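Just below is one structure, and these are the notes that go with it.
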Amino acid sequence: MRRWNGWGDETFNLALPKEGKGFLTERIGIGQPLADAALQDVCDKVPESRLPASSGSALGGLVDTSPEARVRHARGQSLADWLAMRSGEFGVFPDGVARPRSGQDVQTLLRFARENNVHLIPYGGGTSVAGHINPLAVDKPVLTVDMGEMNQLTDLDTESQIATFGAGTPGPLVESQLRAHGYTLGHFPQSFELSTIGGWVASRSSGQQSLRYGRIEQLFAGGRVETLLGTLNLPTIPASSAGPDIREVILGSEGRLGVITEVKVRVSRLPEQESFHVVFFPDWEQARAACQQLVQNRTQLSMLRLSNAVETETQLALAGHPRLIALLERYLSLRGASAAKCMMTFGLTGSRRQCKSALAEARQVCAEFGGVYTGTHLGAKWAEKRFTMPYLREALWELGYAVDTLETATDWDNVDNLLGLMENSLRHGLEDEGESVHVFTHLSHFYGQGCSIYTTYVFRVADTYEKTLSRWMSLKHSTSELIVANRGTISHQHGVGKDHAPYLPIEKGELGMLAIRSLCNTFDPDSLLNPGTLVD
């Protein structure tokens, strides 16, 4: 069973090592947790549904208006959503949750929305950290469309290596259904456990092994979208010069143009082997230069991640096993990687010959920049926990700490500048309250042109939910403004949603925003589909 007020499976917990608690206390002080609301108390606050009384018969049992279903579909996973769920002050609930089983069911829902002036919000895995699925406080009924019933592999063309899935298929089901036939999609965002293939397309997602498999835009081959104007079919053509690519219109459309019901993706045969390796560098400058050279050399890595010195220190402090970590620290210090050391993790995926060649090349480049290769033990630990790290938010919350992230991407010549501006803004963002913020960063997706920047920040909750939300809003807003003002995208992998929509015009420009609005107006002239998301 999913947690109704947090991340993931309610039977799974990821404990914070006792060394981690001391580490955070030393840096930002002792936390004082806030009290959580109870599910039943929140359900008691859910108002009567505003859907027309005839909706039950008109929709043939597709819609659930029970309070608990509406609570569980009212929020995503941003920190603002977390605070709303934990406090029980949701503000707005959808008026019902529809669970279609086919494209025809979705067309029925769209027709119902148009005839009854109802807002529709597509819902995949509910993992949005940008406000995609949150209903607005308006005078129209809101119907959330949970795509979870459409979760099957419906076709696999092994000759063309094209797989067809229902849009509501979550990551583990995508991979398990493909692996049964000897294939993989290779798309592994950190939200992999819960997020869906349709949501990946709608938000232009990026998986951790994008160096090998590509982002979702490289994997998305075609599919079907149900719109208010009819069905939009996207054929699977390998490449085309026949005008603008309509697939690109749907990628990142976030439910504004229609509901994605079927996704066709380019899959690969399962690799012969895969391994993850860790290298430590003496300082950030050498580490970043090594990453830049590896990616610009097109070394055949499947993933690459570089933690700055503070994130490296934090990861080692939260790893547990203090004796083993102390031995590692002593060894690295003897090899020249001490207080300012930065940890690189890279993946090798493919045939034995490919992996052997790529490892030799990677080790040679790292050595040129003072890298200390430590083998696969730490890399295996990273792979083991890479999808469970979001569960740490629960452990931190119980100690009185809030944690959130900001991510962007920029060109290589601007990486250090933008990273420094982001961290400085966050680190000093609560000084007027006498509060410290623990801030650290890694580069997680790499391109010849530049890379993504993924910054995490931890701060103590205030003595009320309202004050805690105010702290987050101050940190989020000031740093988001700084990002778009300094050549960064407002989102590299999390999408726009409602939270990032105010910052989009700086990136797209006046004419670009006109084009996006024109598309929305063409497909949805009455703004019934996920209004407020992507564009106001």
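The values are calculated or read from the model by the stated rules, or taken from the named source; none is laboratory data. Fair warning: this is a prediction, and the values are worked out from it, not measured in the lab. Every residue, glycine as well, gets a Cβ built from its backbone with ideal geometry; the counts of neighbours run over all protein chains shown.
Filter region 474-492 down to residues that are of a type in the set (S, T, N, Q) and not in a loop (DSSP other than H, G, I, E, B) and give me whichever is nearest to Leu426 (Cα to Cα).
Thr479
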**OP:** Examine region 131-145 for a residue that is of a type in the set (Gly, Ala, Ser), crowded, with 20+ Cβ neighbours inside 10 Å, closer than 20 Å to Val265 by Cα and in contact (Cβ under 8 Å) with a residue 40 or more places away in the chain, and state whether such a residue exists.
**Re:** no
**OP:** Give the residues of region 201-219 that are closer than 25 Å to Arg256 by Cα and touching a Phe, Trp or Tyr at 6+ places or on another chain (Cβ under 8 Å), sorted by residue number.
**Re:** Val201, Gly207, Ile216, Leu219
**OP:** Just one of (1) buried (at least 19 other Cβ atoms within 10 Å of the Cβ); (2) in the same structural domain as Ala69 (by TED's automatic domain parsing) trips up Asn116, so point out which.
**Re:** (1)
Original post:
Only one of these conditions is not met by Gly495: (1) within 21 Å of Val295 (Cβ to Cβ); (2) assigned to a loop (DSSP other than H, G, I, E, B); (3) not hydrophobic (A, V, I, L, M, F, W, C). Which number is it?
Top reply: (1)
**OP:** Please work out which residue is nearest to His132 (Cα to Cα), limiting yourself to region 498-530 and to residues that are in a helix (DSSP H, G or I) and among the small types (Gly, Ala, Ser).
**Re:** Ala501
Subject >> helices (runs of 4 or more DSSP H) contained entirely in region 156-246, each with at least 2 residues that are touching a helix residue (DSSP H, G or I) at 6+ places or on another chain (Cβ under 6 Å) >> reply: 197-203
Original post:
Is one or more of the residues making up region 252-267 within 30 Å of Gly126 (Cα to Cα), of a type in the set (Ser, Thr, Tyr) and outside the structural domain of Tyr183 (by TED's automatic domain parsing)?
Top reply: no
**OP:** Evaluate the following for Glu89: is it closer than 30 Å to Pro235 by Cα and of a type in the set (Asp, Glu)?
**Re:** no
**OP:** Could you tell me whether any residue of region 355-362 is among the hydroxyl-bearing types (Ser, Thr, Tyr), surrounded by 16 or more Cβ atoms within 10 Å (Cβ to Cβ) and touching a residue at least 24 places away in the same chain (Cβ under 8 Å)?
**Re:** no
Original post:
Which members of region 34-57 meet the condition of being within 12 Å of Gly96 (Cβ to Cβ), part of a helix (DSSP H, G or I) and touching a residue at least 40 places away in the same chain (Cβ under 8 Å)?
Top reply: Ser55
**OP:** Go through region 466-521 and count every residue that is free of Cβ contacts under 8 Å to residues at least 40 places away in the same chain and farther than 27 Å from Ala84 by Cβ.
**Re:** 15
Subject >> Only listed residue being touching a Leu at 6+ places or on another chain (Cβ under 6 Å) and more than 20 Å from Leu194 (Cβ to Cβ), chosen from Leu110, Leu136 >> reply: Leu110
Original post:
Does Thr299 meet the test of being surrounded by 17 or more Cβ atoms within 10 Å (Cβ to Cβ), in contact (Cβ under 8 Å) with a residue 60 or more places away in the chain and within 26 Å of Asp411 (Cα to Cα)?
Top reply: yes
Subject >> Check on Gly31, in a loop (DSSP other than H, G, I, E, B), in contact with a strand residue (DSSP E or B) (Cβ under 6 Å, 6 or more places away or on another chain) and touching a residue at least 40 places away in the same chain (Cβ under 8 Å) >> reply: yes
Original post:
Is it the case that Arg487 is at pLDDT 95 or above, crowded, with 21+ Cβ neighbours inside 10 Å and in contact with an Asp or Glu (Cβ under 9 Å, 6 or more places away or on another chain)?
Top reply: no
